[in-house]
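Report on one structure; see the data block that follows.
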Amino acid sequence: MTLVRVALAQEREVDLSITYDAVVVGSGAAGGMAAHVLTSQGMKVLLLEAGKKIPIEQELRSMEWPYEHPRRGDWPPGNHAIRHNEYTIRQPPYAKKTAFKHVYSYVGGWGGSDYVKNILVDEKDHPYTGTRYAWVRARLLGGKTNIWGRLALRLSDYDFKGKTHDGYGEDWPISYADIEPYYDKVDLYLGISGYKENLPHLPDSQFQRHNKLTASELMLRKSLAKMGRTVTPYRAGVTTDGVKNKYRSKCFGRGACGRRPGGCDIHAAFDSPTGLIYPAMDTGNLTLRTNSIAHEILVDPNTGKARGVSFVDSQNHRTYEAKARVVIVGASTLESARLLLLSKSRQHPNGIGNSSNHVGHNFCEHVMGPGATGLVKELVGRAPTLDDGKPGGFYLPRFRNLQDKQPGFVRGYGFEGGGGFGIFPDGAFDAPGFGGQFKKTVREHAGAFISMGGFGEVLARYENYMDLDPTVKDRWGIPALRFHYQFSDNEKKMCEDMAATAREMFEEAGVEIIGVDKEMLTEGWSIHELGTARMGTDPKTSVLNQFQQSHDVRNLFVVDGSSHVSASCQNPTWTIMALAWRSCEHLADEFKRGNL
């Protein structure tokens, strides 16, 4: 199979003298979706991206074998990825007083670091302060969608109506019925693979062909079904049957998904540029400006409405203004909150849209760390099979606090895992011996390992927040974020249960336990930041309404994960895009009516 190569739409020249219908800040899942929906409705849109536009295929090079790289994928000397122990014992900013020329987040240490050195931000240029936090950022066209983990899950009314279910926190101002049609739109437009399970707490998508479970994964599925738990094939934001998009190819199982920190250079996995932005440019309604760091939402002094965005050009350090009738922020949860807080004026002294003093607060995410690794003895010595030609292994949805009430904690967690043969054999580092016997042992055991790790809901709490550091600034002179955030006893008790159930389920399936991880990873490890400008019906306790529209400024929308009321335990990307689609359809309709 050959890759489809097409010319990109001619980029429109940026004209800052005119007033656009809308300016969108950020080009990831949220900003890309906003650009897609608004341009399809005929609106003239300017998209501002803080990072650069790079030839992503040349960066990822997923078909390059390790031996074809001069350092087997490692980056050159002078570069450093922050290690787990550094996050544990040091305080941010983590790059301060380091001897390394460039410092990156922990993702750069996953293997194949040279392939992401132009994707991840340099921590020396982008400091943050406060409590411990592993903040992963990618400043380039498409943001983190260039290297995301691809798990695409829906939320249910167990999540949207969490307070009604268990009494904690706040309900979302929407229900599953409100967002279901937009989940469907995202599924059909971008493509998702999976298998229908008919679970009320994990609604099914409009799936394309699912990836088959390996022998060990299938064995686990059959065993856990007896416990009333479900092991389902990894629900991936990957098109396996193809979509109507000339910039993307369907997945053909090359087995490269797990070799690097992420990314798909044939664009079978969703990424914002090929999935949303380039098609939006084809409409003739989208203008793109990269290297544009938004640092203030401008306000009309007479009306208090947003009138545009002030930004710094990252290359020449000059400041410019983009004028627009509507401002849409989709810069990612933490950067969006930062932008709102930076945008102070006479009408909005605490930051735009922040009359409730909730911007930056109610921050939540997913806690990670606990899990288990085991060996399926029946599979030792079996002939190798092609198991890694797929974007993921399996997902085990939440089973706690659904019908029962688990003592010690509220809400729940799910597991991601996998087993089978891969390009690098599992267990090789720990196998005993050397020479021929060592090789024989590694080959015989390579496909018999199975592992899984948990993702648990972190409760949204007002006291978990971030604000602007009064003294520390980034390379462009913009105040840095300061974290005031830590896990609570609820997360700690949840993680204890997570480790115990991982062991229990493997033992129930007859898997020999090799190890059980009990340690919680540093805050931020999940890369699933949510909830710093939450939706709600009460302007005193929320920032946005159900359409992600500011309570205070009617022509300001915030369409990324910052609007989420709670984290759930499901990966958020698909929900972010479904919400953005819904909100931007509403925005376009209101714009046509002259209500913005």
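Determine whether region 35-45 contains at least one residue that is surrounded by 15 or more Cβ atoms within 10 Å (Cβ to Cβ), in contact with an Asp or Glu (Cβ under 7 Å, 6 or more places away or on another chain) and charged (D, E, K, R). If you could, list the steps in order and put the result at the bottom.
In the first step, residues of region 35-45 are kept if they are surrounded by 15 or more Cβ atoms within 10 Å (Cβ to Cβ); the result is 35-41, 43-45.
If we keep only those that are in contact with an Asp or Glu (Cβ under 7 Å, 6 or more places away or on another chain) as well, we get 37, 43-45.
If we keep only those that are charged (D, E, K, R) as well, we get 44.
Scanning region 35-45 turns up at least one residue that is surrounded by 15 or more Cβ atoms within 10 Å (Cβ to Cβ), in contact with an Asp or Glu (Cβ under 7 Å, 6 or more places away or on another chain) and charged (D, E, K, R).
Just name the residue that is farthest from residue 399 (Cα to Cα) out of those in region 213-237 that are in a helix (DSSP H, G or I) and touching a Ser or Thr at 6+ places or on another chain (Cβ under 9 Å).
Among those that are in a helix (DSSP H, G or I) and touching a Ser or Thr at 6+ places or on another chain (Cβ under 9 Å), it is 215.
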Specify the residue that is farthest from residue 457 (Cα to Cα); the eligible residues are those in region 149-188 that are out of contact with any strand residue (DSSP E or B) (no Cβ under 8 Å at 6 or more places or on another chain) and aromatic (Phe, Trp, Tyr). 182
Looking at (1) at pLDDT 95 or above; (2) charged (D, E, K, R); (3) open to solvent by 20 Å² or more (accessible area, probe 1.4 Å), can you tell me which one residue 411 breaks? (3)
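Here is a check on your reading of the model: is residue 273 closer than 30 Å to residue 414 by Cβ, in contact (Cβ under 8 Å) with a residue 60 or more places away in the chain and part of a helix (DSSP H, G or I)? Give the steps one after another, and end with the answer.
Values: closer than 30 Å to residue 414 by Cβ: yes; in contact (Cβ under 8 Å) with a residue 60 or more places away in the chain: yes; part of a helix (DSSP H, G or I): yes.
So residue 273 passes the test.
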Working only within region 525-563, note down all residues that are under 14 Å from residue 460 (Cα atoms) and of a type outside the set (Ser, Thr, Tyr). 528, 529, 530, 531, 533, 534, 535, 536, 561
Which pairs turn up if I take residues in region 76-90 that are more than 12 Å from residue 135 (Cα to Cα) and look for partners that are surrounded by fewer than 17 Cβ atoms within 10 Å (Cβ to Cβ) and among the basic types (Lys, Arg) with beta carbon separation below 7 Å, at least 6 apart in sequence or on another chain? 78/101; 79/101; 79/117
Scan region 220-233 for residues that are open to solvent by 20 Å² or more (accessible area, probe 1.4 Å), of a type outside the set (Lys, Arg) and touching a strand residue (DSSP E or B) at 6+ places or on another chain (Cβ under 7 Å) and report the count. 1
Among 164, 131, the single one that is β-branched (Val, Ile, Thr) and either open to solvent by less than 10 Å² (accessible area, probe 1.4 Å) or under 30 Å from residue 86 (Cα atoms) (or both) is 131
If residue 441 satisfies every condition in (1) within 20 Å of residue 230 (Cα to Cα); (2) surrounded by fewer than 20 Cβ atoms within 10 Å (Cβ to Cβ); (3) out of contact with any Ser or Thr (no Cβ under 9 Å at 6 or more places or on another chain) but one, which is the exception? (1)
Filter result (closer than 18 Å to residue 203 by Cβ, open to solvent by less than 10 Å² (accessible area, probe 1.4 Å) and among the aliphatic types (A, V, I, L, M)) within region 566-596: 567, 577, 578, 579
Are any residues in region 217-248 more than 24 Å from residue 571 (Cα to Cα) and of a type in the set (S, T, N, Q), and if so, which ones? 223, 245
Being touching a strand residue (DSSP E or B) at 6+ places or on another chain (Cβ under 7 Å) and over 30 Å from residue 166 (Cβ atoms) is the filter here; which residues of region 394-442 pass it? 418, 419, 426, 427
When you go through (1) open to solvent by 10 Å² or more (accessible area, probe 1.4 Å); (2) touching a residue at least 12 places away in the same chain (Cβ under 8 Å); (3) under 28 Å from residue 35 (Cβ atoms) one by one for residue 238, which number turns out not to apply? (1)
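The values are calculated or read from the model by the stated rules, or taken from the named source; none is laboratory data. Everything numeric in this text was worked out from a predicted model, so none of it was measured. Note that each Cβ is placed from the backbone with ideal geometry, even for glycine, and that neighbours are counted across all protein chains shown. Each accessible area value is taken on the protein alone, full model and side chains, heavy atoms only, with ligands, DNA and RNA left out. Shrake-Rupley method; radii C 1.70, N 1.55, O 1.52, S 1.80 Å.
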